[in-house]
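The values are calculated or read from the model by the stated rules, or taken from the named source; none is laboratory data. No experiment lies behind these values; they were computed from the predicted model shown. Note that we place each Cβ from the backbone using ideal geometry, even for glycine, and neighbour counts take in every protein chain shown. To get the accessible areas, we keep the full protein, side chains included, count just its heavy atoms, and leave off ligands, DNA and RNA. Shrake-Rupley method; radii C 1.70, N 1.55, O 1.52, S 1.80 Å.
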Amino acid sequence: MKSHIFIFIFFLANHFFAFAQDQECIMYFNDGTSIEGFGKLEVVGTLDPIEKIKFRLKKEDEGDYWDFEDVSRITFVGFEFTKTFEYVKTSTLDKPKLLELLVNGEVKLLKFSDSNAFYSFENGKVFPNRIETEKTRHYLIRETEEIATCIDCSIFKSWAKNVSNYLADCDTLVRDLKNHKYSFAELEDAIYYYNDYCVE
C-alpha cells in the first residue's frame, strides 16, 4: 500500500486571482462616499489573514490598503464587464469577507469561492502530484441583516429548500422551487424574480 504525505500549500479566494492586478474601480466607503481609481484584491497577513483592497488614485502611486473598517464594497470596471465585491459577514465569529455580488436588490445574492492546493508525495516518486480542490458558496442577505445566510453549505438541506425557507413570503417562488422550475444554474433568475415580483 502506497503511503502519501500531503502538504497544505495555500488557501486563497478564487476571485483574488482575477483581480490581483490593478484594475479601474470605484471604491465605496461606509459613510456613503466613493472614489475612483485603481484597485486590486489581496489577502494580507499570515497568521490572521484579512482580505483587503489595495487602492491608488493613479497607477504610479504607491497605494494604501483598505478593509471593512472603512470600505463597504468595490466595483471593478473593465471592457465589457463590471464586477462588485462587498464586505459581508458570513458568521458571528468571522470578520467580514469580500463576496462577489451576483444579484442586487431587496435580497442580494453573493458568491464566495475558495481554492486549496496540496502536494502529494508518493513513495518512489521524485516529484509531487499537485491536487487542487475548489468550493463555492452562495449567500443571501437583506440590508436589514448583519449576517448572510448560506444556501448551499448544508449537507442535510438542498439549496432549493434553503432558498424557499429564506424567501418563504413569496408563495409563487416557493411553489416553483418545490416543483423544480429553477435549476441551480438558474439561481440568479429566482432571486431576480423575488426582487421584481415579491417585494412591496
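Which value, in Å² and to the nearest 10, is the accessible area of Arg56 when all protein chains are kept and the probe is 1.4 Å?
Counting only protein heavy atoms, Arg56 exposes about 30 Å² to solvent.
Show Asp171, Asp48 ordered by accessible area, largest first, where the area counts protein heavy atoms only and the probe is 1.4 Å.
If we order Asp171, Asp48 from most to least accessible, we get Asp171, Asp48.
Using a 1.4 Å probe and ignoring any ligands, DNA or RNA, find the accessible area of Glu146 and quote it in Å² to the nearest 10.
Around 130 Å² of this residue is reachable by solvent.
How about Lys54: which aspartates and glutamates have a C-alpha closer than 15 Å to its C-alpha, ignoring those fewer than 8 places off in the same chain?
Asp22, Glu24, Glu36, Glu42, Glu62, Asp64, Asp67, Glu69, Asp70, Glu86
Protein chains only, probe 1.4 Å: how do Phe112, Phe29 rank by accessible area, largest first?
On the way: Phe112 10, Phe29 40 Å².
Solvent-accessible surface, decreasing: Phe29, Phe112.
Evaluate the distance, in nm, between pseudo-label points positioned 7 Å from the Cα of Glu145 and of Asp94 along their respective Cα→Cβ axes.
It works out to 1.5 nm between the two label points.
Using the structure shown, list the pairs from Lys40/Lys178; Lys40/Lys89; Lys59/Lys97; Lys58/Lys83 with a Cα-Cα distance above 31 Å, or answer none.
Lys40/Lys178
Can you put Ser34, Ser72 in order of accessible area, largest first, using a 1.4 Å probe?
Ranked from most to least accessible, the order is Ser34, Ser72.
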